[in-house]
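What follows draws every value from the coordinates through simple rules; no lab data is involved. These numbers were taken from a predicted model, which means no experiment stands behind them. Every residue, glycine as well, gets a Cβ built from its backbone with ideal geometry; the counts of neighbours run over all protein chains shown.
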Amino acid sequence: MDLGLLQALERERVLEVLRRDKQLRTIEEDRIRRMKYELQELRRRGAKSFARQYGERTCARCQRPLGKFWNSGAVCHSCSHRICSKCRVGVGAAGWKCTVCHAYREVKFKSGDWFLEEKAKKFPVTTDKYEMVGDRLLKTYHVLSHISVVPPTPPPHLDYQFLSRSGDLKNSKPFTKSMEDLMVSFTSHIKKISTSQNDVRGDLLRVNNSRRGSCYSTQKSLSETDINKSSNLFKGPSLPNLFKKSKDSDQEGSSTGAEEETSCGSEYSGGKRGSSSSSISTDCGPFESISITGELELALAYNTNTSCLEITVGACRNLNYGDTRRKKCHPCVKLYMLPGKSGKMKTTVKKNTTDPVYNEVLKYHVERHLLFGKRLRATVWHSGTLKRKVFLGEVLVPLDGWRFKDKDSQRFNWYPLCQKAESPEGGAVEQDGGELLVRVKLSSNNQGV
Amino acid sequence: MASATATYGQKESSDQNFDYMFKILIIGNSSVGKTSFLFRYADDSFTPAFVSTVGIDFKVKTIYRNDKRIKLQIWDTAGQERYRTITTAYYRGAMGFILMYDITNEESFNAVQDWSTQIKTYSWDNAQVLLVGNKCDMEDERVVAGDRGRQLSDHLGFEFFEASAKDNINVKQTFERLVDIICEKMSESLDAGDPAVTGAKQGPQLTEQPAPPHQDCAC
């Protein structure tokens, strides 16, 4: 569609309307962004903390303990969490929802997402034509216009610095590799410890590494803590998760109420900073805390012929800038199958956009019945210079309840991106978590070795 | 007047103090009174002179309805065929439609079926449509009986109003009814697959069983 058929004056009139519309939409997007941010805050606060055992009878929202007979709570139909009577909001005659589910519903109304979802049923395209038509025309014709209500958007340009830095990236490989080796040996040691059922407390783990001073400081700080602290119990499926969780509890401060865990968490994150750019970095590496905005569009389908779970990553929209200072964003999407860290896959990196369109199909070869209890974790990352990844948000999609036969569920869906908090359906993660008791001590004698 | 309405619209459009935002499109043959209808509703003004709309235009009005502040972006489209590519591009973003004909113009009434097809083609499946027979103040020149309008609306599954932008008859009612219908559709869209609703219907014995994880669920 173009305005070529119209006379110059007519075109001007139409463009003026389009500009007003764009102005309106900009304001509206801003409102929606704030609204979704508030929702995320609410969800984060209400999320079950890892500091507490999941089985403990507390309200999933206010964390207050629930009684056995009195105020024993009831299960919210939307999120399946046990909720105390104070954290419920009535929705008509239909029943009640917990505060978070209710807020989520409200945001869907207020943001107009309900309509976008309905519309996507008929037009499962990734680029919203309606949103684009006005913008496209404005872009095409803004040269011709005399009135400039909305400043024209700067043309996209390549991030040259990023390109030139990518050379440095290769140079840093050997170093990264060595850190990887270190991590592998470290984890294998831990595996040994956990498999042997001996008293782990008595076990001493020595990690020899004379190459990196920073690692010493890490371990030193651990060795200096008293035994009680370093022998804290962690529940989690894997080491990276352990890092992640401790980091989360670190971020949330003492809101968890578990003092010891928090303090230990900060030690871990300290160590993480020390060993920056280690190859485990994608999940627990350099982390810049930016607010999470936007949504991710996914479509899931199960192909019974090939036994493949086919995940189509459609697009993202309204992402925050990964590099807030320079207003840059090169987003990519990574997919994992939870629990476990198996089957990591990622899309290509889109340059200079906060609304990337991927339309990439990623396939997991997995038997249908094995999807039970599994969840899909889709994370969005800004890949900045020097492999520096900035977390832009994540989406967790439970797969066992997924109606793959249902045609509707195979269509594209927009999922709001969330903070990398512990997932609200945390129970599923913990089910597979064993216990690991580790103490790390650095003997200063080894320094000369 | 143009400048006055522009500033008024400016203030309305930058206002963020509302709950929902609905987009409504007014369609129908040329000169049935779409622009007048919108001006009457948004500015409470009426000009008998006919000025053909160029392509598209919109006005913003915030109303208070069902305890909610609802901001309406009402798109006024050109009825003329030559603007059709522009106007149809905006069907997709509209939650509701006002399909208008002129009760003194047989041709505009006959075109309703075509407009309805356009909506079905270019809009979402659940598009809410109100059929409006405008200019009901001109009873002397009426050629489309009210019953014919009602019958057609029944046939198409739309609700029906006869209205007059000039005498301010049923203008507000039309928009408010459309807003109500969109509100209903909005609730339905989220409750359709909502375990909270279906669960409650299934009875209290299910309350202790965790519902299966749901794709639309917040948590």
* Would you mind giving the mean number of other chain beta-carbons within 10 Å of the Cβ of each residue in B:179-190, as a whole number? => 3
* To do: Please list the non-local residues whose amide H lies under 5 Å from the amide H of A:Asn359, H modeled 1.01 Å from N, same-chain partners needing a gap of 5 or more.
  => A:Gly314, A:Ala315
* To do: For peptide B:17-26, compute the average count of partner chain beta-carbon atoms within 10 Å of each residue's beta-carbon.
  => 3
* Cross-link list A:Lys36/A:Lys119; A:Lys350/B:Lys34; A:Lys121/A:Lys344; A:Lys108/B:Lys166; A:Lys363/A:Lys389: which exceed 32 angstrom alpha carbon to alpha carbon? -> A:Lys350/B:Lys34; A:Lys108/B:Lys166
* **Subset of A:Lys22/A:Lys110; A:Lys351/A:Lys374; A:Lys97/B:Lys68; A:Lys110/A:Lys334 violating a 27 Å alpha-carbon distance limit** => A:Lys351/A:Lys374; A:Lys110/A:Lys334
* **Sequence of A:His369, A:His382, A:His77 once ranked by neighbouring C-beta atoms within 10 Å, starting from the fewest** => A:His369, A:His382, A:His77
* **Per-residue Cβ neighbour rank within 10 angstrom, fewest leading, A:His102, A:His365** => A:His365, A:His102
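Please list the three semi-axes, largest first and in whole Å, of the ellipsoid equivalent to region B:20-192, using sqrt of 5 times the eigenvalues of its alpha carbon gyration tensor.
Semi-axes (√(5λ), whole Å): 23, 18, 17.
Based only on other Cβ atoms within 10 Å, what is the fewest-to-most ordering of B:Val132, A:Val361, A:Val313, A:Val75?
A:Val361, A:Val75, A:Val313, B:Val132
Peptide A:69-80: average number of partner chain Cβ atoms within 10 Å per residue?
Partner Cβ neighbours, averaged per residue: 5.
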